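The block underneath contains the structure these notes are about, expressed in structure tokens.
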Amino acid sequence: MICAEAIVSRLREQGERLTIQRRAVIETLCASGDHLTVQDLQTQLAAQGTALTETTVYRIVQWLKDRGAVAQTDLGQSGVVYQVIDRTLHHHLVCLRCGRVVDVEDCVMDALRERLRREYAFEPRIDHMAIFGLCRDCRAGHD
Ligand SMILES: [Zn+2]
Ligand SMILES: [Zn+2]
């Protein structure tokens with residue numbers, strides 16, 4: 001898992017200004033190592049004594065997303081989650097019927113990345129993707 005210091009120093013190298021609030025959000029996301037909604041982040045920050053409004057937390061995660069440090073993913077029923085982008089990427093299959101979320105390893109995206117580069121001259125940033133559909137159980141009997 002990537003540590004907060006690595007992200008902070010990378011952003012500094014890019015000439016970004018690291019306020020106390022931005023640092024607190026980065027540290028909370030890293031410490032959790034999990035998918036957090038803006039509300040989750042706000043709650044955890046408040047518990048550590050950093051009281052930020054939902055709007056402020058939202059602006060900071062968008063700022064981190066624009067700089068490639070954080071992935072934003074809509075998991076459907078589970079909401080929009082944010083996660084630090086580390087070296088071992090993963091993705092999710094989200095069932096539209098029962099809401100089940102299954103993890104998928106990153107290598108399944110390699111063929112897609114390659115085609116997008118070759119045929120569209122597009123460099124995709126597939127860092128944490130949710131693919132919606134029907135899970136095995138929900139498909140049974142509906143085919
Ligand atoms: Zn995930
Ligand atoms: Zn299902």
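The values are calculated or read from the model by the stated rules, or taken from the named source; none is laboratory data. Model, not experiment: these values are computed from the prediction. Note that we place each Cβ from the backbone using ideal geometry, even for glycine, and neighbour counts take in every protein chain shown. Heavy atoms of the whole protein, side chains included, go into the accessibility calculation; ligands, DNA and RNA do not. Shrake-Rupley method; radii C 1.70, N 1.55, O 1.52, S 1.80 Å.
Miscellaneous remarks
- Taken over the stretch 119-143, the criterion of being more than 18 Å from Gly79 (Cα to Cα), open to solvent by less than 100 Å² (accessible area, probe 1.4 Å), part of a loop (DSSP other than H, G, I, E, B) and out of contact with any Asp or Glu (no Cβ under 9 Å at 6 or more places or on another chain) is satisfied by Ala121, Pro124, Cys135, Ala140, Gly141.
- Note on the stretch 110-128: residues that are within 13 Å of ligand 1 (Cβ to nearest atom) and either over 30 Å from Ala4 (Cα atoms) or at pLDDT 95 or above (or both) amount to 0.
- Identity of the residue in the stretch 71-118, closer than 20 Å to Leu41 by Cβ and within 16 Å of ligand 2 (Cβ to nearest atom), that ends up surrounded by the fewest Cβ atoms within 10 Å (Cβ to Cβ): Gln77
- Counting only residues that are touching a Ser or Thr at 6+ places or on another chain (Cβ under 7 Å) and closer than 14 Å to Ala4 by Cα, the stretch 22-64 holds 1 of them.
- Subset of the stretch 63-96 [more than 11 Å from the chain's Cα centre (by Cα) and either over 29 Å from Arg139 (Cα atoms) or of a type in the set (Val, Ile, Thr) (or both)]: Trp63, Asp66, Arg67, Arg87, Thr88, Val94
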